[in-house]
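A short worksheet on the structure shown next.
The values are calculated or read from the model by the stated rules, or taken from the named source; none is laboratory data. Note that the structure is predicted; figures quoted are calculated from it, not measured. Ideal geometry is used to build each Cβ from the backbone, glycine not excepted, and the neighbour counts take in all protein chains shown. These accessible areas exclude ligands, DNA and RNA; they are computed on the full protein's heavy atoms, side chains included. Shrake-Rupley method; radii C 1.70, N 1.55, O 1.52, S 1.80 Å.
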Amino acid sequence: MSDINGASGGSGNFKAFDSKFMGAPHQQKTPDQKLREVSDMYEKHFLREMMKAMRSTVHEGGFVQSNQAEKIFKEQLDDHYVEKWGERGGIGLSDVIYKQLVDKFGVAMGIKAPVAKPQGPLPLDNKSEYRAQPFQHPGKKQSVSYRIDRNLNETTLASDGKNPQEPVKAPWDGVLLGKRSLVDNQTLVEIGHDNGLKSQMVFKGAVSNVSTGQKLQAGDTLGFLSSEAKSLYWTVEPGPETVSE
């Protein structure tokens, strides 16, 4: 008896279907690839809308008006231009969107490592006499700000002016961007961190022997709170920006 291929014998002569009819196995896209595709999609959508706006400024003239087929052809041509722009790197909008998506969803999607716990600027463990309260820094919507207050209880009030000055430390690794003296013996210090964040600290006290551009490790001493200082203001934001010394 012949088999389905016309050969005699058992099923051992069965010939499998050609792989071209089976299709390539589906490959699961990584979270990074998905964010990149979304970013490219938004850029292409922006470019298409821009092309439409440009087309709308060109008025048809003469006695012969464009028919529906010509309009469809123009849309397809614009789509072709947009695809070619994307293949050549686009206009940079995709990269901007991608970075914003990674900053916002990267940790949750496993693309970006979570920011390590800071080692400063002041001790905030259970045994510390300092407590941090969040507040909205005026004019910095993308920042997270804290006012770190000294816990004024009977013990701290009795020892005011007697304790050694509290060191102010670098929260994460980075580079000192600048330092500046303010009014009322206040000091401003800014650090550009290796994790892409920037810290700005304002406190009453003196800066240690550190200079602009110096590489810092987490926990390095930046300065010291004066004995009468009750608070330190710490703002964390995407950065960095340089301040003058």
Those residues of the stretch 186-212 which are modelled with pLDDT of 90 or more and small (Gly, Ala, Ser) amount to Gly192, Ser199, Gly205, Ser211
### Task
Within the stretch 185-196, identify whether any single residue is small (Gly, Ala, Ser), in contact (Cβ under 8 Å) with a residue 12 or more places away in the chain and assigned to a loop (DSSP other than H, G, I, E, B), and answer yes or no.
yes
Every listed condition ((1) at pLDDT below 95; (2) out of contact with any Phe, Trp or Tyr (no Cβ under 9 Å at 6 or more places or on another chain)) holds for Lys215 save (1)
Scanning the stretch 204-214 for residues that are touching a Leu at 6+ places or on another chain (Cβ under 8 Å) and surrounded by fewer than 17 Cβ atoms within 10 Å (Cβ to Cβ) gives Ser208, Ser211, Thr212, Gly213, Gln214
Restricting the stretch 16-65 to residues that are farther than 29 Å from Tyr81 by Cβ and either surrounded by 10 or more Cβ atoms within 10 Å (Cβ to Cβ) or in contact with a helix residue (DSSP H, G or I) (Cβ under 9 Å, 6 or more places away or on another chain) (or both), the one modelled with the highest pLDDT turns out to be Thr30
Residues of the stretch 197-223 being within 19 Å of Tyr146 (Cβ to Cβ) and either assigned to a loop (DSSP other than H, G, I, E, B) or hydrophobic (A, V, I, L, M, F, W, C) (or both), in sequence order, are Leu197, Met201, Val202, Phe203, Ala218, Gly219, Leu222
Next on the checklist: Regarding the stretch 125-143, can at least one residue be identified that is of a type outside the set (S, T, N, Q), touching a Pro at 6+ places or on another chain (Cβ under 6 Å) and not in a helix (DSSP H, G or I)?
Outcome noted: no
Taking the stretch 215-235 and the residues there that are among the aliphatic types (A, V, I, L, M) and within 23 Å of the chain's Cα centre (by Cα), the one that is most open to solvent (accessible area, probe 1.4 Å) would be Ala218
Checked Lys99, Lys104, Lys84, Lys112 against criteria (part of a helix (DSSP H, G or I), surrounded by 14 or more Cβ atoms within 10 Å (Cβ to Cβ) and either modelled with pLDDT of 85 or more or not acidic (Asp, Glu) (or both)); the one match is Lys99
With the first residue restricted to the stretch 123-146 and required to be under 19 Å from Gly239 (Cβ atoms), and the second required to be open to solvent by 50 Å² or more (accessible area, probe 1.4 Å) and part of a loop (DSSP other than H, G, I, E, B), Cβ contacts under 9 Å at 6 or more apart or on different chains are Ser143/Gln136; Ser145/Gln136
